[in-house]
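Since the structure comes first, as structure tokens, the remarks are kept for the end.
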Amino acid sequence: MNNEYRPYTLIAELTYRCPLHCLYCSNPSDLAEHGNEIDADTWIQVFREAEELGVVQLNLTGGEPLLRDDLELLIEGARKFDLYTNLITSGIPLTSERLSRLRALGLDSVQISIQSTRRSVSDRLAGMPSFSRKLDVMRWATSLGLPLTLNIVLHRENISEIEEVIALAERVSADRLELANTQYLGWALKNRDALLPARQQIEQARTVAAEANARLRGQMEVLFVTPDYYTDRPKSCMEGWGRRFIVVNPEGLALPCHLAHTIPGLQFEHVTQRRLSDIWRHSTGFNKFRGEAWLSDPCRTCERRALDFGGCRCQAFHLMGDAGMPDPACSLAPGHHVIESARTHAGRTVGIPVLFEHRAGRGHSSR
Amino acid sequence: MIFVTIRPRLSPKVRLRFDRRTGHYLLLYPETGLELNGTATAIARLCTGEWTIDEMVDHLTRSYVDASPGEIRRAVREFLGVLADRGLLQGVT
């Protein structure tokens, strides 16, 4: 297989467990049905096989990866394969001693997410007191010389805080700031009416972010991800299906994206049952939406097909009922009215409180 | 406007890694990276905090006999600009 299909990044979802209960969590909303977590030896074998396939970046995520007691072993293992290891975390639960240990074992960078710059809002959105500790963790990271990315998932309730978020990122000397709009899948899709900002909110935020990015160039990268509900063109989801990323979920299922297994009828395989390189090259699930043969109209002849690969397959399935259809985020797609009506609804209801459906209980641990 | 210090040094957050798949070097940093061509790799290797830009140009001119000092100087400035814009050089003011 040529470089067109070469994974550069392995997204290792170490656990679905998480102390937080964010209502925009994009983890599968049927958490309770998930089974056992794969062990450290299996993960290290996955790192080895991923590196052989071309992977150079490793994102340790979850759920909350800090809940794995063997995170130390995993980071040490990843270092042996010269992977650049990023820890994607809420910062809960962590001590400065543990972070220092992880750093010494080979951790390269840390990404910490906040829910809001306001303690009370952040704690409420996260479902527990956590904001103060996150600030501590940011300080520990930078004092250890770990590059720090500050991440906030934006939605209707916190998007107006964008200037405060930038100020906070500067105060904690973040290297990168990810202003990531909610992806409306999983729990976030259930709560879409409560979360989707109005167009005007998006445009204001984008302007502020662009100004900050120019002002802070060379010091901090400010990345604003416009929600695809407002772009009129689909995102290049995962930079193409089975093209640049491999996700391995807590149970060891290898996937092109972390929600690919929510699409019925696709076959994915476990790293415990087949070599990762065979899964990457030969599994029907990874091959399903590669190339152009599967594209339908109008993507099939669209000049942008090499840029966006027809958009997000999960979004096509969850909004249109067919993963093979064009992503309805595209204004040329037959299903675009679904996006338009969500936008119209958002424009009409800004300022009206809406009830949220919370991710229930504690995420399930291995049983 | 970004000015590069006299003796550029790669930020500790980057890692230069050989990519045996392509034979090129990758400059990795949080969650992404740059694929370097031969010239960029040679320049990156000199970003140790010990070489001035003029010394880099002199050194590279001797290694790349088919490029003029002017071309090399442009390549060095351009690539250092790329690195500085991404916050990958230390001591940038």
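The values are calculated or read from the model by the stated rules, or taken from the named source; none is laboratory data. Only a predicted model underlies this, so the values are computations on that prediction, with no experimental measurement involved. Please note: Cβ atoms are built from the backbone with ideal geometry, for glycine as well, and neighbour counts cover all protein chains shown. Side chains are part of the model used for accessible areas, which takes the heavy atoms of the whole protein and leaves out ligands, DNA and RNA. Shrake-Rupley method; radii C 1.70, N 1.55, O 1.52, S 1.80 Å.
Write out the GluC sites (Glu not before Pro) in segment A:239-317 meeting two conditions: DSSP loop, and at most 14 other Cβ atoms within 10 Å of their Cβ.
Working: sites: A:239, A:251, A:269, A:292, A:303; in loops: A:251, A:292, A:303.
Those satisfying the criteria are A:292, A:303.
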Partner chain coverage, peptide A:185-194 - average Cβ within 10 angstrom: 0
Accessible surface buried once B binds A (1.4 Å probe; total of both sides; Å²): 1900 Å²
Whole-Hz ³J(HN,Hα) from phi, Karplus 6.51 cos²θ - 1.76 cosθ + 1.60, for segment A:61-78, glycine and proline x: 9, x, x, 10, x, 5, 6, 7, 5, 9, 4, 4, 4, 5, 5, 4, x, 5
Exposure rank, largest accessible area first [B:50, A:221; 1.4 Å]: B:50, A:221
Carbon and sulfur %, accessible surface of segment A:179-221 computed with the full protein complex present, 1.4 Å: 43 percent
Inter-chain shielding of B:11-24 (mean C-beta neighbours from other protein chains, 10 Å cut-off): 3
Fluctuation leader among A:222, A:248, A:121 - chain A, Gaussian network, Cα springs under 10 angstrom: A:121
Relative contact order of segment B:1-66, pairs being alpha-carbon contacts under 8 Å that are 6 or more residues apart, as %: 34 percent
Semi-axis lengths (Å, descending) of the ellipsoid that matches the C-alpha gyration tensor of segment A:85-156: 23, 12, 9
Cα Rg over Rh - chain A, Kirkwood: 0.94
Protection proxy ranking, peptides B:31-39, A:224-232, average beta carbon neighbours within 10 Å, highest first: A:224-232, B:31-39
Per-residue [θ]222 nm for chain A (sum of -39500 (n - 2.57) over DSSP H runs n ≥ 4, rounded to 500): -10000 deg cm²/dmol
Relative contact order of chain A, pairs being alpha-carbon contacts under 8 Å that are 6 or more residues apart, as %: 21 percent
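Quick check: net charge around residue A:281, other residues with Cβ under 13 Å of its Cβ, Lys/Arg +1 and Asp/Glu -1?
Overall, the nearby charge balance is 0.
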Taking only Cα atoms of segment B:9-87, radius of gyration then Dmax in Å: 12.5, 36
Proximal lysines to residue A:190, defined as alpha-carbon separation beneath 29 angstrom and excluding residues fewer than eight positions away on the same chain: A:134, A:235, A:288
Bridge type composition, the protein assembly as shown - antiparallel percent by DSSP, nearest 5: 35 percent
Computed magnitude of the charge dipole of the protein assembly as shown (debye, nearest 20; Cβ of K, R +1, Cβ of D, E -1): 340 debye
